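Working notes, structure below.
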């Protein structure tokens, strides 16, 4: 087999004697790849070790990956990823979320590591340390998701050959029963907010499943009363001490939502109430166009909405829940009505079908009972509809199923 000839800049492996700080001497083997400013030196304890590192380096170069000299530390890479990848392409809330996870957790623990030297074991130990520090499992999963998203970009840029965060195992999140309103509870809520100043906001959230930011960013020109359509074109965000209107979370969130007559009536009543209330001039011209504002005519802050919502729940005798749970309640009520999940996905503005099925649609307990009662009726009835269940035929019910 013909030995591979060295390319220019790939000299032979050299040997030299170096001195340690204590005065003792040791032998160091070295070689170089490339030339000029792009030259990379490789060191090792034996010629075989240097040869192996040279071979790995050549492979990276031939595959188009960045040479070792150009690979940044994780903290430098994350700051660049946030500024030049996430910020121009994602919503501000997503950018702020990734920035918080990176600067508060990832950079302090792993920032000094070079991106290509980050191992799965290190990421796994890091996640375990966050759990030991008292963070909730869901928070640790968010941290892992942030690091995974960043390393996916590093893979596309060929800085790394694998995603260490994706290969690390996330912690298990204990199941938590989501708060969902039954039809009776939903009607009780609507009755309680009928005369509330933000009653129209809570009603829209339950009846349309829209996100809080979308509703707080709703303008009167976005409501087509004549054709019965609600256009959710933007969302309200609070950025650097100022309120502004930005694009919704997903492309599907910009869809036009049908406006049934009862909802249109609620909005008409809210419009009349707003015109009667005296308020100070808003700070910005666009603020006067908002459907939901404070008594002084300014945009509504999320924490103020939460405070009012909790008071309404208490008055109505309903369990505590978040404003976002109204969105989940809407999806559950659609499921109770038998609406196809694909239609529910379009109404809720989800980016994919899985989100609708996994995170929002939960069948209420009464509906489960009705379903199982119907199944029992199917299994324990004969051809003419007579009840032949265990209580009536003195058996364990297996005969009708043909298993006895």
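Side notes on the structure shown:
- Residues that are crowded, with 17+ Cβ neighbours inside 10 Å, at pLDDT 90 or above and either outside the structural domain of residue 138 (by TED's automatic domain parsing) or not in a helix (DSSP H, G or I) (or both) occur at least once in the stretch 220-229.
- Condition met for residue 117 (in contact with a strand residue (DSSP E or B) (Cβ under 8 Å, 6 or more places away or on another chain), over 26 Å from residue 174 (Cα atoms) and not assigned by TED's automatic domain parsing to the domain that holds residue 234): no
- Qualifying residue in the stretch 57-76 (condition: at pLDDT below 85 and at positive phi): yes
- The one condition from (1) in the same structural domain as residue 191 (by TED's automatic domain parsing); (2) at pLDDT 85 or above that residue 330 does not meet is (1).
- Filter result for residue 338 (part of a loop (DSSP other than H, G, I, E, B) and exposed (fewer than 15 other Cβ atoms within 10 Å of the Cβ)): yes
- Within the option set 215, 206, 244, being part of a strand (DSSP E or B), more than 21 Å from residue 352 (Cβ to Cβ) and under 30 Å from the mean Cα position of the chain (by Cα) holds for one residue only, 244.
- The single residue among 147, 151, 159 that is part of a loop (DSSP other than H, G, I, E, B) and surrounded by 17 or more Cβ atoms within 10 Å (Cβ to Cβ) turns out to be 159.
- Failed criterion for residue 70 (all others in (1) more than 11 Å from residue 146 (Cα to Cα); (2) surrounded by 14 or more Cβ atoms within 10 Å (Cβ to Cβ) hold): (2)
The values are calculated or read from the model by the stated rules, or taken from the named source; none is laboratory data. All of these numbers come straight from a predicted model, not from anything done at the bench. All Cβ positions, glycine included, derive from the backbone under ideal geometry; neighbour counts span all protein chains shown.
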